[in-house]
Structures are given as structure tokens and as C-alpha cells.
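The values are calculated or read from the model by the stated rules, or taken from the named source; none is laboratory data. Just so it is clear, the model here is predicted, and its values are computed rather than measured. Cβ placement follows ideal geometry from the backbone for every residue including glycine, while neighbour counts extend to all protein chains displayed.
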Amino acid sequence: MKPRWLSLLAGTAAALMAVETLFYLPVLASTASPLSFNRDVRPILSNHCFPCHGPDVQQRKAQRRLDTFDGAVALRDGIQGITPGKPAQSELWRRVTSSDPEEVMPPPKSAKRLSEAEKRTLRAWIENGARYEAHWSFEPPQLVPAPRTIDGSWPRNPIDAFVLDRLEKEGLKPAPAAPPEILLRRASLDLTGLPPSEALLRRFSSNPNDQEYLRAVDELMASYAYAERQAQDWLDLARYADSNGFSDDQTRTIWPYRDWVIKAIAQNMPFDQFTLEQLAGDLLPGATPEQTIASAFHRNAPQAKGNTYPVEEYRIKGVIDRVNTTGTAWLGLTLGCAECHDHKFDPISQREYFSLFAIFNNVVHSGEAFAQDGPFFDTPLPADMAGKSAVNRAVRKIPVMAEQATPRETRVHVRGNFLRKGEIVLPGVPAVFGTDPGTHPTNRLQLARWLVDGKNPLTARVAVNRLWQSSFGQGLVRTPADFGKQGASPSHPELLDWLARELVSSGWNLRLIHRWIVTSSTYRQAAHNPGDPARLLDPQNLLLARAPRPRLGAEQIRDQALATAGLLTLACGGEPVFPHQPEHYWEERALPGKWAPSLGADRYRRSLYTYWRRMALHPTLELLDAPARTVCTAKRTVSNVPTQALVTLNDPVFTEAAEAFAQRILHEAPATDTTRLERGFRLALAREPSPEERTRFLEFLALQHARGLDDAAAWTRAAAVLLNLDEFLCRP
């Protein structure tokens, strides 16, 4: 069979049309693949039909369901929505092909239109029997052995076998391996958020073999910097901030929770225990102070303070936030869509939503339960951080979780209005998970154990998908907060299931899975694939025929600049710090308090420790797309806009970094501009400049000298250019 990409390249117009079609497909499928309901049909029905003919009984039109086989084939007034094998006798087909505006579906007022390709897919599906499949994410991960590939030399581990199998089916080949220095810089930025040390770079560059790469990865993952970088992603999910939120956005002390997360990751705490302690650390038998502090996970949400807020309304908002956040962080589901009515796409009723609500409804209201923080870093630190703890050991009180002695009654909120009480509900989980009625979790500890009992079809998938996202810029499921019917289908479903099962069988060892990912040949590819037809076939790089180059996160951009300049302070933990920001920034936003800039080394601590104010996030971090963390964030917005260049060229921290970087270059390579340039490239990009880069930089420096600038001033400008290169701001 002719490879698909050859057909695409046959004509420019045809190729462009094909690319446009492929861009919107949830998953690229091999031409040999049979029609799949989950992959090909469900997205069409979900986008166009389920809002009016789906799970939501209150919004269902003509009592016609299309989200289940029984509903689709049921007779209503003698009419069958779908007659398997017979499109002409199916009301669905008659409606989607009708030219009558009174009958055509979707109705014209919905502004939705089925494309001709989508109509052909529906017709073919009905002709083939209109077979339904359970939504993939609600089924247990399947045990799928790694496939045998034609090229047996490329795969280093099972991940590569799954990826290469897809590429070979499309007639494609993976990109060559990335140069050793580029690979090491990539791994270091991904794993630690910092560039590699010079010692590590020298060692690997002199002997860039598999054994040395594995050794380098293990060193990076054993560092405290690894725990800090991975904690950043979890704090986005936990909506961690140093202020309460809402209009007055008052300061609060909750940073010991942040330090608990870092320490747990540094100790490679199994993910099931990590889950138990955060959702219900206070309920564990003989709970330790640290386990109680871990339960502050659900105290991170915005919390109104003072007498101006209706207490019960904001208590309810807090409970709803806990349900929705748990759904996002562990289940990858949009549970919040069922707060006011049955979910329009996923099999979660409003009643089931409030059964989950009931599990969190017994929590003592925020502000009433506290724990004293302890000496978090009295236990041995990793060798690279010994003696660098910044923890202030003064005793503080932080909000944690606690249960009421008498459970609250929970009722459905009619249309989401907490003042309109519906039927009484008991604690439980949605029926779609197949949980036996007698074993429904009734409190937070039981819920946490249910999430990580190994039988839950979503928890492990969601966890490994986040690791994949942190390594490739997007997950195997590109919608990490939505594994439901409106979410993207996995690009490599068998690989996702293999990783999920590996996570559970390993004892929930996330670091092991992370190591599998970053040591794979898939991860080690170059970002450019010479003569790559996949750029036409697969512009989103779903098939992974090359390494992606996502823009670095806000913290990594700032921290990398400080590290390259030799300014970064590697102290761990402790109270938040206050790096420079515009004067009167809070006052201009009518917020209480005054920013008091940190002095000395605290000005240059990792961005993870910057004071995080929801209503006035540090402008450098805000402009570089860091979230305010008012809600659980599973994936950050990524942009590349002119205002960001203004930050990295003019923000005081970046101008200081450029000056310090220039001084470092002049001190460490004093001989000539040529040797200085080589040193600067090595520090910033872990490589030598190309001949063209060398020529252009030297011409730039000569121009600065001709204008009367001395070495320090000229090299400060050159250093600023290096710190603003696309290659510096993006993952290599």
C-alpha cells in the first residue's frame, strides 16, 4: 500500500485540504484502521448531538437519546433514531441530511454544521451496524504488550515500540538523535527547571553514551532541584497561593504545605500515599503533624475573610471547589458541569455530583482548623542541598482539614442554587465506575483509597499523562483536565494504558515512570527531522516523529537566566520571598499591604518561592503565563507575544542577569571576543556557536565598541541577546 504521506504530497491543493482535515481529527489513524466509534463517531455525536440528546434528562429533546445504543435504537412514536445497517430508515440520517430548516439537525439556530466528511462517517457507521463502545477512559487500562516493530534497533524501551509502531504504519521514520549537549540541556530543564551544571555537561560531552546519559538522568532526578521543578506542576493543580483571593486578597500562611509537597517528591513518596495524605491526612490513624499539614491541599482554594461575606454561601463555594479540583487532579473529569444539571456529555448526574459533595460537606469551615508547622528539613536533605535550608523554624499555624463531629445533611441544589434544597443524598461516587453500592466511599479517606486502589480506570492514566505533558509539552491526551467524551482521544491509547499499568504495578512510583519517558529514544529525538513529511501530515506532532520545542514556563525562564548569570540562590523551603517589582503595584490595584523587596540572596531565589498573590501575581510571572491559581490548573496557557520580550529585555531581574552574565563571561574567558563568545554560548545554550552565529555576534560586538562602549557595556548587550534567543526561551 502506498504510504499515506505520498498521496498527500501528490498535489499542493489536495495536500492542503488533507492537512486542514487532519488538523481537526482527534487522533491520526492509519489508513488501514477500521472505523472506530470512540475515535471517529463519538466526537461527532458529542459535538453536535449530545447537548440535546445526551445524558442530561432535563435538557433532552423529544426524549431521544443518542449517547447509548439502547436509546438510539428505541422506538419513539414509531420512529427509530438509528436502524443498524440501514441509514435510509434511520431518523438520525434523515435529519442530518435534510434541507428543511424545520427538520435539519443540528438546528440552524445552534450554529453547528456537520461537514460532508462527518456525514459520510455517520453513514458508514450506521451501515456497519452502528456499534457503540464504552468510552475508553471509563474502561480499565488494558494489558497490551509492546508491539514488534520493523526497525528493531531504534526502541530502547517499550515506549519507543508503541511510538515507532504508529510511525511505521504511516510510512514515517523518527528524527535522528539530538546532539548530546542539547539532549542533556533538555533533560536538565525538564527535570530540574535549571540548565545542567558545567561538571555534568563536561562529563557527558566527553563520553556521550547510553550509560553516561542514564547516570546523568539519575543524578538530575536525585537532586532537590528535581523535587522543586515537579512541585511547581502540582502546586498549579493544588491552586497554591500565599493569599486568600477575592477582592481583599489578604495574606495567609500556608507555605509549609508547599514545602511538604517538595519534600514528598524529593523522598519519592508513592503517588497513592501522596494522594491519601493530601486528601485525608488528618483522618489517617495516628496522623503525624506532616500528614495533617498535607491535608492543607484542600485549604489552598480562595477563601473569603471578614464579616462582609455571607458565611454559608462561601462555605458552599469551598466544598464545590474541593469536588471540582479532586475531579480534575485525580480523575481528569469536568465534574463541575454537573453542579446545576446532569452532565451534558459524561455519565454523571447532578445527584451523583452531590453525592461527591457530601463527602466534603462535613469539613470544618475554613479558618477554624489549624496545624502547627514543624521543622520540615530536620530530616536529611539530598546531598546537593545539605546546609541550604531556608526554613524559619518559628511555630506558625496553617489551615488544615478537620471533620465535624456531627455530619451535615446534604441535599441536591436545585439548578445549582444552594438556597433551593432538593432530595437528600448520601456520600458516594458516580455509577459509571461500577462501584458496588455497599462499598461506596463515605468520607475523604475512603474516597482517597478508592481513587488509588488500582481498579479506578482514571487515576493512573491521568497521573502518567501529566508526566508525559511535562516532558513533551502536551499529553498523550491533549486535554489533561478532560478525559471525558468532549476531551481529546489519546494519540497512543495502548501506550497510555501500558504506562498506567506500569505505574500501579510499580507501587505508584512516578519517578520510575518519569525515568522511562526521559530515557526513551522518543524523548531523545532531535527537534528537526530532515525532509520530514510528518510536518505536513501531522503538524501538531501527535505521532512524535520529532521532539517538540515548547516554550519554557515562567519560572524556568527567570530561573534559567539567573542560573546562567551565576546569580541564582539555591536555598530550599521557607517563607515566600519578594523579588523586585514595580513600586506601588499592590496599591494601584487597591489591595492592602505593601510589597517590601527582599534583600541580598533572597532576591535571587527560585521563582517557586516568590510570594504568590492571586489578585496581583508578580508581573514578571504573570506576563510569562504563570497562572494566578484561583482554580485548579492542569495545563498552563502558553503564548509568545511582544509584551514577554519587553519583560525579558527590560525587567530589572533580566537586566541584572545580563550584566552579571557579561561579567562572568569576561572573568572566565578574558582573552578575546571569540573565546568569550564560545564561553557565552556554552553557558547559555550548552553548545558552540555556528559559523554564521559567530560572525554576526562578532560584528555586533565590533559595532558596540565602535560606538564607544567598553567591554562591560558591549558584553552586557551581547549577553542580553543570548538570554533572549528563542533557543534559550524554549526547550531545545
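In contact with a helix residue (DSSP H, G or I) (Cβ under 8 Å, 6 or more places away or on another chain), of a type in the set (D, E, K, R) and farther than 29 Å from ALA222 by Cα, is that true of ASP151? Answer is yes for this residue.
In the stretch 618-629, the residue that is farthest from GLY245 (Cα to Cα) out of those that are touching a Phe, Trp or Tyr at 6+ places or on another chain (Cβ under 9 Å) and either outside any helix (DSSP H, G or I) or of a type in the set (Lys, Arg) (or both) is ALA626. Scan the stretch 488-522 for residues that are part of a loop (DSSP other than H, G, I, E, B), within 17 Å of the chain's Cα centre (by Cα) and at pLDDT 95 or above and the total you get is 2.
Please tell me if LYS112 is under 27 Å from GLY332 (Cα atoms), in the same structural domain as SER46 (by TED's automatic domain parsing) and not hydrophobic (A, V, I, L, M, F, W, C). In short, yes. Tell me, please, whether a residue that is assigned to a loop (DSSP other than H, G, I, E, B), in contact with a helix residue (DSSP H, G or I) (Cβ under 9 Å, 6 or more places away or on another chain) and of a type in the set (S, T, N, Q) can be found in the stretch 547-567. No: the stretch 547-567 contains no residue that is assigned to a loop (DSSP other than H, G, I, E, B), in contact with a helix residue (DSSP H, G or I) (Cβ under 9 Å, 6 or more places away or on another chain) and of a type in the set (S, T, N, Q).
With respect to the conditions (1) more than 23 Å from ALA88 (Cα to Cα); (2) touching a Gly at 6+ places or on another chain (Cβ under 7 Å), GLN142 lacks only one, and its number is (2).
Scanning for something among the acidic types (Asp, Glu) and touching a strand residue (DSSP E or B) at 6+ places or on another chain (Cβ under 6 Å), does the stretch 655-663 turn up at least one residue? No; the residues of the stretch 655-663 include none that is among the acidic types (Asp, Glu) and touching a strand residue (DSSP E or B) at 6+ places or on another chain (Cβ under 6 Å).
Which ones in the stretch 235-275 are within 24 Å of THR459 (Cα to Cα), aromatic (Phe, Trp, Tyr) and not in a loop (DSSP other than H, G, I, E, B)? Of everything in the stretch 235-275, those that are within 24 Å of THR459 (Cα to Cα), aromatic (Phe, Trp, Tyr) and not in a loop (DSSP other than H, G, I, E, B) turn out to be TYR257, TRP260, PHE271, PHE274. Residues in the stretch 576-592 that are assigned to a loop (DSSP other than H, G, I, E, B) and either aliphatic (A, V, I, L, M) or over 28 Å from the mean Cα position of the chain (by Cα) (or both): HIS580, PRO582, GLU583, HIS584, ARG589, ALA590, LEU591, PRO592.
Yes or no, residue by residue, for (1) part of a helix (DSSP H, G or I); (2) in contact with a Phe, Trp or Tyr (Cβ under 9 Å, 6 or more places away or on another chain); (3) at pLDDT 95 or above:
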{"site": "GLU277", "(1), (2), (3)": "yes, yes, yes"}
{"site": "GLY281", "(1), (2), (3)": "yes, yes, yes"}
{"site": "ALA304", "(1), (2), (3)": "no, yes, no"}
{"site": "ASN307", "(1), (2), (3)": "no, no, no"}
{"site": "GLU313", "(1), (2), (3)": "yes, yes, no"}
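Yes or no: the stretch 721-728 includes at least one residue that is farther than 27 Å from PHE472 by Cβ and part of a loop (DSSP other than H, G, I, E, B). No, every residue in the stretch 721-728 fails to be farther than 27 Å from PHE472 by Cβ and part of a loop (DSSP other than H, G, I, E, B). Got at least one residue in the stretch 564-577 being within 23 Å of LEU235 (Cβ to Cβ), modelled with pLDDT of 95 or more and hydroxyl-bearing (Ser, Thr, Tyr)? Scanning the stretch 564-577, I find at least one residue that is within 23 Å of LEU235 (Cβ to Cβ), modelled with pLDDT of 95 or more and hydroxyl-bearing (Ser, Thr, Tyr), so the answer is yes.
Could you grab me the full set of residues in the stretch 640-660 that are surrounded by fewer than 17 Cβ atoms within 10 Å (Cβ to Cβ), touching a residue at least 24 places away in the same chain (Cβ under 8 Å) and part of a loop (DSSP other than H, G, I, E, B)?
The one that is surrounded by fewer than 17 Cβ atoms within 10 Å (Cβ to Cβ), touching a residue at least 24 places away in the same chain (Cβ under 8 Å) and part of a loop (DSSP other than H, G, I, E, B): ASN640.
A single entry from LEU75, LEU92 fulfils the requirement of being over 30 Å from GLY171 (Cα atoms), modelled with pLDDT of 50 or more and crowded, with 20+ Cβ neighbours inside 10 Å: LEU92. In the stretch 705-732, the residues that are polar (S, T, N, Q) form Cβ pairs under 7 Å with partners that are buried (at least 17 other Cβ atoms within 10 Å of the Cβ), at six or more places apart or across chains, as follows: THR716/ALA658; THR716/GLU659; THR716/ALA662; ASN724/THR648. With respect to the conditions (1) among the basic types (Lys, Arg); (2) within 28 Å of the chain's Cα centre (by Cα); (3) in a helix (DSSP H, G or I), ARG156 falls short on a single one, namely (3).
Condition check: surrounded by 21 or more Cβ atoms within 10 Å (Cβ to Cβ), over 18 Å from the mean Cα position of the chain (by Cα) and more than 28 Å from ARG687 (Cα to Cα). Does THR564 satisfy that? No; evaluated as a whole, the condition is false for this residue. If you filter the stretch 593-607 down to residues that are outside any helix (DSSP H, G or I) and in contact (Cβ under 8 Å) with a residue 40 or more places away in the chain, you find that the one that is farthest from PHE654 (Cα to Cα) is GLY593.
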